[in-house]
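Okay, so here's the structure we're looking at.
Values in this text are rule-based calculations from the coordinates and carry no lab data. Because the structure is a prediction, the values reported are computed rather than measured. In this analysis, Cβ positions are derived from the backbone assuming ideal geometry, glycine residues included, and neighbour counts consider all displayed protein chains.
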Amino acid sequence: MFNVPETVLLSGVTTAQLSYWRKRHGEQPPVLEPSLRHGRRIYYSFEDVVALRSFAHLRAAVSLPKVRQAVRYLLSQYPDTHLSEHKLLSAKHLRTVVHLTADGEYVDLVERPGQEGIHVVMQEIYDPFKLSNGRKVPALTNPTAGIAIDPEVRSGQPCIDGTRVPYAVIAGLTQDGLDARRIAALYPGVTSTGVKGAMAFAKQVAEAS
């Protein structure tokens, strides 16, 4: 699970967008409900972040209202399917959002909702990319050297690469004054690269909040 600052960093969307998308607007359901709420704390799943990265990636080619329109269409047509399971594509020359279905069909979601036959090149959502405002969104599975995100490990919580140790634990120890040698004694398998990665990732998360 990812808290809001981690989700902002890894997805490319803003805190304001997350807040807007998890609220109802009139009769419209939320675009994306967080997977977990604990009191005032909000947590997003790995699948949530994948879906949000798709939204951010699309924003490089189309307007935010078109992204919302595409998502609303998917929610209405596939109410029982998580948004991360849909491949959403676009290109600046198309001026629309395209859904690549499980059957391999390309379906227009905005200009002519439901129309098939539009072909575009699939863009890798997991790779790093840059937003229209110049902000760089890190790779999802390896956002920085020494840090890995795997949905099969601690439900996708960012961990030291090759271990199940959350980055936040190591970052906290460094803030308490422990060096890489002492941390390795507590957590065998956590290398100096992992320690540096935890510190770097924690800084990025703090800057994204």
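Amide H neighbours of Phe129 under 5 Å, counting only residues 5+ apart in sequence or on other chains, H built in-plane at 1.01 Å?
Counting only residues 5 or more places away or on other chains, the set is Val137.
Assuming a strict under-27 Å limit between Cα atoms, what lysine pair count do you get for the chain once near-sequence pairs (fewer than 8 apart, same chain) are dropped?
16
Quick check for you: which residues of segment 39-53 have the amide N under 14 Å from the point 7 Å beyond the Cα of Ser19 toward its beta carbon?
Once the point is set 7 Å along Cα→Cβ of Ser19, 42 turn out to lie under 14 Å by backbone N, inside segment 39-53.
What is the set of long-range amide H partners of Ile147 at a cut-off below 5 Å, with H atoms built 1.01 Å from backbone N?
So Ile147 has HN proximity to Asp161.
Expressed in nm to one decimal, what extension gain is obtained for the pair Gln28 and Leu131 from 0.36 nm per residue of sequence separation less their Cα-Cα distance?
On the way: separation 103, 0.36 × 103 = 37.08 nm, distance 2.71 nm.
Gain on stretching Gln28 to Leu131: 34.4 nm.
To one decimal place, what Kirkwood hydrodynamic radius in Å is obtained for the chain from all pairs of distinct Cα atoms?
18.2
May I ask you to compute the full-extension gain from Asp179 to Arg72, defined as 0.36 nm times their residue separation minus their alpha-carbon distance, rounded to one decimal in nm?
Between Asp179 and Arg72, full extension yields an extra 33.6 nm.
What distance in nm separates the two pseudo spin-label positions at Ser63 and Arg40, each 7 Å out from Cα along the beta-carbon direction?
In this crude spin-label approximation the distance works out to 3.6 nm.
Under a plain spin-label model, where a point goes 7 Å from the Cα along Cα-to-Cβ, how far apart in nm are Thr163 and Glu47?
3.0
Between Lys87 and Arg154, what is the label-to-label distance in nm when each label sits 7 Å out along the Cα-to-Cβ direction?
Going by the 7 Å Cα→Cβ label model, 3.2 nm.
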